[in-house]
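The values are calculated or read from the model by the stated rules, or taken from the named source; none is laboratory data. Please read all numbers here as calculations on a predicted model, not as lab measurements. Reconstructed Cβ throughout: ideal geometry from the backbone, glycine too, with neighbour counts over all protein chains shown.
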Amino acid sequence: MGRPSRRVRTLLMTLGVLAVLAMAFTMFAGFWTDWLWYRSVHYSSVFTTTLWTKIGLFFVFGLLMALAVGFNIWLAHRLRPPLSAMSMEQQNLDRYRMGIAPYKKWLLLGITALVGLIAGASAAGQWRTWLMWVNGVPFGQKDPQFKLDVAFYAFDLPWYRFLLGFGFAAVILSVIAAALTHYLYGGLRVTSPGARATAAATGHLSVLIGVFVAFKAVAYWLDRYGLAVKSSDFKATDNWTGLRYVDANAYLPAKTILFCIAVICALLFFATLWRRTWQLPVIGFGLMVLSAILIGGLYPAIVQKFQVQPNEQAKEAPYVEKNLKATRDAYGIDGTQVTDYDGKSKTEDLTKLRKDVDDAASIRIMDPNIVSPTFQQLQQMRKYYAFPNNLDVDRYNKDGQDQDTVIGLRELNLAGVDKQNWINNHFRYTHGYGVVAAKGTEVDSEGRPVFTESNLPSEGELPRYEQRIYYGEKTTTYSIVGGPQKEIDYSDDSGEKTTSYKGDGGVNLSNPINRAAYAVAFNEPQILYSGAIGDGSRILYNRTPKDRVEAVAPWLTIDGDAYPAVVNGRIQWIVDAYTTTNGYPYASRTTLGDTTADSLTAANDNRAVVAQQNQVNYIRNSVKATVDAYTGDVKLYQWDTKDPVLKTWMKAFPDTVQPKSAITGDLMAHLRYPQDLFKVQRELLTRYHVDDADTFLSGSEVWQVPEDPTNKSGDAVPPYYLSMKMPDQQQQSFSLTTTFTPNGRDNLSAFMAVDAEAGTSGYGKIRILKLPTSTTVDGPKQVQSQFNSEQDIAESIRLLRGGDSEVEYGNLLTVPLDGGLLYVEPVYVRGGGLKYPLLRKVLVTYGGQTAFEDTLDEALDKVFGAEGATPEPPDQGDDGTTRPPTSSDPTVQDALDDAQAAFEAGQKALKENDWTAYGEAQKDLEEALQRAEDAQAKADRDAAGKNGDKSDGKSDGKSGDQDGDQASPSPDPSSSG
């Protein structure tokens, strides 16, 4: 019987050890995989610096809290009275004292360990505050009240407040622990007659309370400086920050007086070590509380009521001026150029105006937020590819001229994989393929994009580049590549092409420890034993550009819209990143999530809103980041070389941010002014475009960002990229534009544009054209209403909506032209069963004249009554009537002929008021158009397939593997960063 018993004990012990090891490895797996990932992207210093900072803060402050509480428990126990002196009340506690007596040391260790762990965990969360304090760089600017460098408020004050909060917590916990110990061992009495506390207990607790009051004195002193960054409600603006009249003349002296009272009160508590009585400390504490109510609360209210309110304009003006200057500096809007603009043209020569349009702007009629389904239908090629819901606008040089281009990547879409399983989802279908780009200013005769890069593999005007996309906005799952299992590269008429990843991205899975760690971290046991993983296998994860930049630079705030560009033979995701603080004195705060939201972010989850509840009062686009779509390589470039916040973080994380000089010319050509920064600045400029305190206080010049008139969401209109020329510019520049309306009204009050083309001398220059308040100029909503209310246009739109067709309004662009404002809006139609929009009409208005025509040129000619470039004449029949476009495809042509016959029958029925016949004609027209569209779509697909065959033949292996599967379009990806 003895041997089985030992075997059972041995087995149980073994199982227990294995269970502990399993739990330890589970905890270790998360840490180990994080370390491997950071090492794979060459930012291991970020991981180690952050980790050691957190560990250091955890142990230092955890130990301090444990020592503070533990020492006071030990001291209270040491100062306990002798048992013979204990009262009946205390003798009743004997059983509790006897119960804990054998475990006193363990109980003390347990309590101190618990409070230490909690305090340490809280302190570890302050790693950013610590690093900013210890590495802080001066701003070189001083606040107007205390004459301290801004760095004190941005870097020092937050750390001092943390230390103060930690001190308060330590003292409070020590008081509670000491009081309980004194009560348990007879130092304090509650119900017994006679003295309520022994002299030792009185002295001990008095000192602790004195320390608490001393900390309160420090808090009052820091509160004086905190007034410079204090937010308050003020009728002039939301989130007002800085001192006002009542702060400078009531709260500031009150805080100083309360500081002095608190110091005296603390000394009275310390005096109980010699005078063992609570009388004076209690009187002092009561005086401090009464002073806080009278001096800190009642007196400022009296000053506000009887001094400020009767003459608020004069009293607050000096402080408003400080707020105006600080806010404009903090948000980078201090150089904004505000110019008066008539809003109405004075030129009577319409022919000249018509010619000036082309010089004023390259009007983009291809809306990147509308045409994604069109790209999807015409260029998806395979179900396992997809485009983002919102495409991007960039510039590409063609024949020496920059061309506004709508661009999107054909990214991986696992939802389109026919057979869903672990191998297909993570080994075979691993990447997207190729760029698709179209001219922003043109469409073809059928309203489709004019592609400058298309087909599969992609070909066109772009230089040769690596086309495989392993990292993208839609790539949210992990892939295991480079091992025995071949990947689907792309498919053409000859069948599927395969490839094997040759980049250095991801983490190597050859090591069994790594495989086990990822099997645990991803909760996927197959990673540990799958035969599809072998030598050379690498796991790719954290694959969206935003996630990668956030991970390697956790101290940056990331813009919500990353965009792709072909740079030096690679597809690079370009990510704008910001440094922020909420400690800039006198600068009003804003909530980034609210300020950067608009009708696009509300409708599209893929376009993120930055830092939803992150309140800031200083922001700089200090970093431009890139993410290689093939290797996942992340690079951070210093963009704002003067930003002290970035310099601080560069001291904390050396060698993580490359200098601005490292940006190549090819990359510089695609950098642009970021949208989220522009949206923050335009929101601030609704109030801070004025530099006069009286005007600011009166609120007479308050603007608002108008609602998007092209939909009924009620959200703000998004800003638009557009190559255009402001009145004081000699030539067009790539710009980011928006409009303003007066607060609560719909007429236009201003137009704003910023030079968005990086690398130019004017980059970041904000210009505002301010319209006169004495006249009314139509704003975006009024222009849209005018479009919709004109009878001819309304009838045309109604006809476009015939059957189950949908009409979608594109971006309403605003262009300054000779003192007036030109509005242009493309109109798209999803006709019949067609699931993608085509440009069918263009709305144009200028100076009260409106046109709704098939093309932009026709609409401009009609508005100005003069022709620009001579258009091709439409086909006409023998009777002079306009004929529809012809097609070489007989099936399409038959459908077009039927559509023309149905249209003519409908027009005849309209003239005769025969509504029954008109309804039948509309049904016939819809059916014929649907046949034409279906036939044309089939012809397009067939043509694309033939082009793909030709391209494969012309450029043997333009974009394939070097191992014989397919030739590579660019140098070996593994040779890159």
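Matching residues to (1) of a type in the set (Gly, Ala, Ser); (2) touching a strand residue (DSSP E or B) at 6+ places or on another chain (Cβ under 8 Å); (3) in a helix (DSSP H, G or I):
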| position | (1), (2), (3) |
| --- | --- |
| Gln145 | no, no, no |
| Ala169 | yes, no, yes |
| Val175 | no, no, yes |
| Leu180 | no, no, yes |
| Thr202 | no, no, yes |
| Lys216 | no, no, yes |
| Tyr220 | no, no, yes |
| Tyr225 | no, no, yes |
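Going through the stretch 520-550 one residue at a time, which ones are over 14 Å from the mean Cα position of the chain (by Cα) and of a type in the set (A, V, I, L, M, F, W, C)?
Residues satisfying the conditions are Val520, Ala521, Phe522, Ile527, Leu528, Ala532, Ile533, Ile539, Leu540.
Take the stretch 800-859 and flag every residue that is under 21 Å from Pro373 (Cα atoms) and in contact with a Pro (Cβ under 7 Å, 6 or more places away or on another chain).
Glu808, Gly810, Leu812, Tyr828, Val829, Arg830, Lys835, Tyr836, Pro837, Leu839, Val842, listed by residue number.
Going by the conditions given, is Asp694 of a type in the set (Asp, Glu), touching a helix residue (DSSP H, G or I) at 6+ places or on another chain (Cβ under 7 Å) and in contact (Cβ under 8 Å) with a residue 24 or more places away in the chain?
yes
Name the residue that is nearest to Asn424 (Cα to Cα), counting only residues in the stretch 465-518 that are of a type in the set (Phe, Trp, Tyr) and touching a helix residue (DSSP H, G or I) at 6+ places or on another chain (Cβ under 8 Å).
Here the answer is Tyr478.
Kindly provide the set of residues from the stretch 370-401 that are under 17 Å from Leu813 (Cα atoms) and either at pLDDT below 90 or in contact with a His (Cβ under 9 Å, 6 or more places away or on another chain) (or both), ordered by number.
Within the stretch 370-401, just Asp394 meets the criteria.
For the stretch 695-726, enumerate the residues that are within 25 Å of Tyr396 (Cα to Cα) and part of a loop (DSSP other than H, G, I, E, B).
Pro718, Pro719, Lys725, Met726
Before we move on, is Tyr501 at pLDDT 95 or above, surrounded by 22 or more Cβ atoms within 10 Å (Cβ to Cβ), in a loop (DSSP other than H, G, I, E, B) and of a type outside the set (D, E, K, R)?
When the stated conditions are applied, Tyr501 does not pass them.
Between a first residue in the stretch 139-161 that is surrounded by 18 or more Cβ atoms within 10 Å (Cβ to Cβ) and a second residue that is of a type in the set (Gly, Ala, Ser) and part of a helix (DSSP H, G or I), which pairs have beta carbons less than 6 Å apart while being 6 or more apart in sequence or on different chains?
Phe139/Ala151; Asp143/Ala228; Gln145/Ala228
Could you list, in sequence order, the residues of the stretch 253-273 that are farther than 16 Å from Leu287 by Cβ and of a type in the set (A, V, I, L, M)?
Answer for the stretch 253-273, where residues must be farther than 16 Å from Leu287 by Cβ and of a type in the set (A, V, I, L, M): just Leu273.
Is it the case that the stretch 737-749 has a residue that's under 22 Å from Gly335 (Cβ atoms), surrounded by fewer than 21 Cβ atoms within 10 Å (Cβ to Cβ) and either at pLDDT 90 or above or among the polar types (S, T, N, Q) (or both)?
There is no residue in the stretch 737-749 that is under 22 Å from Gly335 (Cβ atoms), surrounded by fewer than 21 Cβ atoms within 10 Å (Cβ to Cβ) and either at pLDDT 90 or above or among the polar types (S, T, N, Q) (or both).
For Thr590, which of the numbered conditions (1) at pLDDT below 95; (2) surrounded by fewer than 19 Cβ atoms within 10 Å (Cβ to Cβ) fails to hold?
For Thr590, the failing item is (2).
Wholly within the stretch 761-849, which strands (runs of 3 or more DSSP E) include no fewer than the required count, namely at least 2 residues that are on the phi < 0 side of the Ramachandran plot and among the small types (Gly, Ala, Ser)?
Qualifying strands (runs of 3 or more DSSP E): none found.
Could you check, for the stretch 297-308, whether at least one of its residues is under 46 Å from the mean Cα position of the chain (by Cα), at pLDDT 90 or above and within 24 Å of His689 (Cβ to Cβ)?
Checked against the condition, which is being under 46 Å from the mean Cα position of the chain (by Cα), at pLDDT 90 or above and within 24 Å of His689 (Cβ to Cβ), the stretch 297-308 yields no hits at all.
Picking from Lys346, Lys255, which residue would you name as being among the basic types (Lys, Arg) and either touching a Cys at 6+ places or on another chain (Cβ under 9 Å) or crowded, with 19+ Cβ neighbours inside 10 Å (or both)?
None of the others qualify; the one that does is Lys255.
Return the residue satisfying two criteria in turn: it lies in the stretch 883-931 and is aliphatic (A, V, I, L, M) and over 21 Å from Ser796 (Cα atoms), and of such residues it is modelled with the highest pLDDT.
Ala895
With respect to Leu36, determine if the residue is within 29 Å of the chain's Cα centre (by Cα), under 14 Å from Phe653 (Cα atoms) and part of a helix (DSSP H, G or I).
no
Would you check which residues across the stretch 439-477 are closer than 28 Å to Phe522 by Cβ and crowded, with 20+ Cβ neighbours inside 10 Å and list them?
Glu466, Arg468, Ile469, Tyr470, Tyr471, Gly472, Glu473, Lys474, Thr475
Got a sec? Which of Lys419, Lys383 is surrounded by fewer than 22 Cβ atoms within 10 Å (Cβ to Cβ), assigned to a loop (DSSP other than H, G, I, E, B), out of contact with any helix residue (DSSP H, G or I) (no Cβ under 8 Å at 6 or more places or on another chain) and not hydroxyl-bearing (Ser, Thr, Tyr)?
Residue meeting the stated conditions: Lys419.
Just to be sure before I move on: is Leu350 touching a residue at least 60 places away in the same chain (Cβ under 8 Å) and farther than 30 Å from Tyr846 by Cα in the structure I sent?
Judged against the criteria, Leu350 is not a match.
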